[in-house]
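The values are calculated or read from the model by the stated rules, or taken from the named source; none is laboratory data. Since the model is a prediction, treat every value here as computed from it, not as a measurement. Counting neighbours? That spans all protein chains shown, and the Cβs are built from the backbone with ideal geometry, glycine included.
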Amino acid sequence: MNGIKLSHTRVFDEIWDNDKRILALRGGARSSKTYSILQAIVFWLISGYFGKTEYKKGTFSIVRETLPALRASAYKDFLEILHLCDFYSKVDHRKTVLEFHYSGRVVQFFSTDDINSAKLRGRQHLAVYFNEVTNISFESYQTISMRTEQFIIMDYNPAGYESWVKSFIEGKERKRGKVNLDISTYFDNIKNLPQPMIDEIEGLKEVDIDLYNVFAKGEWVKSRNLVFSKIHLIKEMPKDYDRETFGVDFGYHDPFVCVRCLVKDKNLYIEQIVYKSKLGLGEIADKLHNSNVGKLYADHDPLQIRELKTRGIRIRKARKGKDSIIQGLGYIRSHKIHVLNTSLDTIREFRSYKYKLDEMNNPTDQVLERDEHSIDATRYALSYSLRGRIKIR
């Protein structure tokens, strides 16, 4: 490819040889689908070729649900690939608008959480890449698709059996002959994966068979055991609210987490203040002071609570008791849940939190204790709001 040599996988070859209007890359975790797409887009920016076809000029748009998630994923990887190709210094990187210009070609990054943005509604696109498309609304997809001249690429984990991507893209559009569907797994990228990462993916088989089928095998599964069926992303926290509370979940190798919770009627608004591993108590105190947090309700760790109090932090243990996890989650679920769109770790946790499955792979009333640090902090923040018994299911 024009003298540029980079390690690539089978997935890249599928992208480079695509001849359909839509290329749908469904896959499990670490299957190289996102990185392979970005490699192909970098090659187009450099050479003007995508596959065997030359597109001398135009705009290739890379789109995700929120801008913070886009910056932390595809945008970061795109920069890395440009540097690996030793080409970054040759492009005009317009950082304030997240655009890369070279020889009449443009790669731009934007999010769909602002449906009125000029990039979403006003521009024509030569081609579009939808990153994690299952998190993007069908309305946003249609708006951009109608303004796309040549082709569309999308990648996604197959979580959410009821997704419009499954019914419309893999269903109706594929039947019309408009879609190339490729299914990849970590085996497609295994030469680039360390053994602990492979073990983690394979270990899902013992944790939750649905998670294993999604992230190891790239298969659709019904979302039958999600604790939170829907969360809503917001761009800013409301100024008008009935109650403000802060919660803390202690950790060192696991992250230390602090969240801010606002309650207004039956709406719960959550903002991630701190989410970081390997923080000492002095660092924790500094971060909390700098964030101007109010009184904190924390996990039951008397030593850490006492130490933080000596550093001027207003903190007390959360209310706990019999079935406190079930009661706390039930209280959260009794609200419409809104999460600030910059709270990436918290969004990920709320979207993936699940009930345990029994021997017959049916959901139980017990939650799967895996990656629930922000959720625990939210429960602690709201622990003194509970009144009576609230069922989780």
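The table below lists the values:
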| read-out | value |
| --- | --- |
| Test: residue in region 189-204 that is in contact (Cβ under 8 Å) with a residue 12 or more places away in the chain, in a loop (DSSP other than H, G, I, E, B), buried (at least 21 other Cβ atoms within 10 Å of the Cβ) and not charged (D, E, K, R) | no |
| Pair list, Cβ < 7 Å and 6+ apart or interchain, from region 12-29 residues that are among the acidic types (D, E) to residues that are assigned to a strand (DSSP E or B) | E14/D182 |
| Single unsatisfied condition, Y241 versus (1) touching a Lys or Arg at 6+ places or on another chain (Cβ under 6 Å); (2) within 30 Å of E359 (Cα to Cα) | (2) |
| Every residue from region 356-377 that is within 18 Å of Y252 (Cβ to Cβ), part of a helix (DSSP H, G or I) and of a type outside the set (S, T, N, Q) | H373, D376, A377 |
| Any hit, region 84-101, residues being in contact with a Ser or Thr (Cβ under 7 Å, 6 or more places away or on another chain) and outside the structural domain of L340 (by TED's automatic domain parsing) | no |
| Conditions (1) surrounded by 18 or more Cβ atoms within 10 Å (Cβ to Cβ); (2) modelled with pLDDT of 90 or more; (3) not in a loop (DSSP other than H, G, I, E, B); number of the one not met by G218 | (3) |
| Per-region count, region 261-303, residues more than 17 Å from T378 (Cα to Cα) and part of a strand (DSSP E or B) | 0 |
| Count of residues meeting criterion [aliphatic (A, V, I, L, M), crowded, with 19+ Cβ neighbours inside 10 Å and either at pLDDT below 90 or not assigned by TED's automatic domain parsing to the domain that holds R260 (or both)] in region 312-363 | 2 |
